[in-house]
Amino acid sequence: MRKPIIAGNWKMYKTPKESLAFLDAFLPLVEAHTRDEILLFPTMSSLAYVLEASEGTNVNAGAQNMHWLNEGPYTGQTSPTMLVSIGCRHVLLGHSEQRLYFNETYERVNLKLKAAINHGITPIVCVGEMLAEREDGRTEETLRHQIRASLRNISPSEARRLVIAYEPIWAIGTGSTATPEVAAEAHAILRHELTQCVGEATAENTRILYGGSVKPENISELMRQDGIDGALVGGASLVPTTFANIVHY
Ligand code: PGA
């Protein structure tokens, strides 16, 4: 069955010192929690510290982005081999803030996804429609395109570690969460498209997380929906007690 993932996306917040202070407070609060996988996505300058401090615990950490090549003249980038060298085995790909502010495309997400798979890094591919696309009735078309472009030339066995995060852009950092019904409907579209791309067995095993203004107050209802296999949490993952309350939904 699909073990839920509760992931915290720290975006461009927390120095190494602040990250370690978070862990000091957070780890005891979730100690012995086994129902869900717990992941943190710190900024690059904190990642190695968080990986080291969480070693041997039930909390793991990943990167917010990566390049697809192993090395090269690409200022500002981090490669999959570099991530693996610090013990990093998870990466977010195609987050909407990368798409909106740094021109990330699903063609590149596809290259990054292949690189992650080749290096044994679990990719969490983010998809989600803009408000205008939803209002124009183009949510389904948008989501299907994002999945197809991400998974181009990826086989069912290669996709077996894939995780998807459905993050409607209008719900990110806005305080307005998708209703559980709206989220569940999008998740069904995504799983259907995954089935088309990588077959039923792989699609059934793929965890699809919801993200966008997840809070302790709305997590339980979201997690009750069929097909929602966890959450990618931004703002509410920055405070240890708040994020622990989400983990204990
Ligand atoms: P939010 O962010 O929880 O602050 O809306 C979610 C995300 O961007 O992953």
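The values are calculated or read from the model by the stated rules, or taken from the named source; none is laboratory data. Remember, it's a predicted structure, so these values are computed and weren't measured experimentally. As a convention, Cβ positions derive from the backbone with ideal geometry for all residues, glycine included, and neighbour counts pool all protein chains shown. We work out accessible area using only protein heavy atoms, side chains counted, and drop any ligands, DNA or RNA first. Shrake-Rupley method; radii C 1.70, N 1.55, O 1.52, S 1.80 Å.
The table below lists the values:
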| quantity | calculated |
| --- | --- |
| Residue list for the range 210-240, filter: of a type in the set (Gly, Ala, Ser), surrounded by 19 or more Cβ atoms within 10 Å (Cβ to Cβ) and more than 20 Å from GLY94 (Cα to Cα) | ALA236 |
| Candidate set: the range 123-138, residues that are more than 11 Å from ILE169 (Cα to Cα) and among the β-branched types (Val, Ile, Thr); chosen: the one nearest to the chain's Cα centre (by Cα) | ILE124 |
| Residue under evaluation ARG2, criteria (1) in contact with a Lys or Arg (Cβ under 8 Å, 6 or more places away or on another chain); (2) in contact (Cβ under 8 Å) with a residue 40 or more places away in the chain; (3) under 16 Å from ASN60 (Cβ atoms), criterion not met | (3) |
| Number of the condition not met by ASP136 [criteria: (1) within 25 Å of PHE41 (Cβ to Cβ); (2) without any contact (Cβ under 8 Å) to a residue 24 or more places away in the chain] | (1) |
| Condition check for LEU69: under 17 Å from the mean Cα position of the chain (by Cα) and either modelled with pLDDT of 95 or more or more than 16 Å from the ligand (Cβ to nearest atom) (or both) | no |
| Filtered residue count, the range 5-17, keeping only those that are away from the ligand (no atom under 16 Å from the Cβ) and either touching a residue at least 40 places away in the same chain (Cβ under 8 Å) or loosely packed, with under 14 Cβ neighbours inside 10 Å (or both) | 2 |
| Qualifying positions in the range 181-214 - of a type in the set (Asp, Glu) and modelled with pLDDT of 95 or more | GLU185, GLU193, GLU200, GLU204 |
| Qualifying residue in the range 99-113 (condition: out of contact with any strand residue (DSSP E or B) (no Cβ under 7 Å at 6 or more places or on another chain), of a type in the set (Val, Ile, Thr) and within 16 Å of the ligand (Cβ to nearest atom)) | no |
| Residue match in the range 180-188 (condition: small (Gly, Ala, Ser) and part of a loop (DSSP other than H, G, I, E, B)) | no |
| Filter pass, GLU129 being open to solvent by less than 10 Å² (accessible area, probe 1.4 Å) and among the acidic types (Asp, Glu) | yes |
| Matching residues in the range 71-96 - criterion: being surrounded by fewer than 20 Cβ atoms within 10 Å (Cβ to Cβ) and under 22 Å from ALA231 (Cα atoms) | ARG89 |
| Candidate set: the range 114-143, residues that are part of a loop (DSSP other than H, G, I, E, B) and within 14 Å of MET66 (Cα to Cα); chosen: the one nearest to the ligand (Cβ to nearest atom) | ILE121 |
| Subset of the range 168-209 (residues that are within 17 Å of the chain's Cα centre (by Cα), open to solvent by 10 Å² or more (accessible area, probe 1.4 Å) and of a type in the set (Val, Ile, Thr)) | ILE169, ILE172, THR177 |
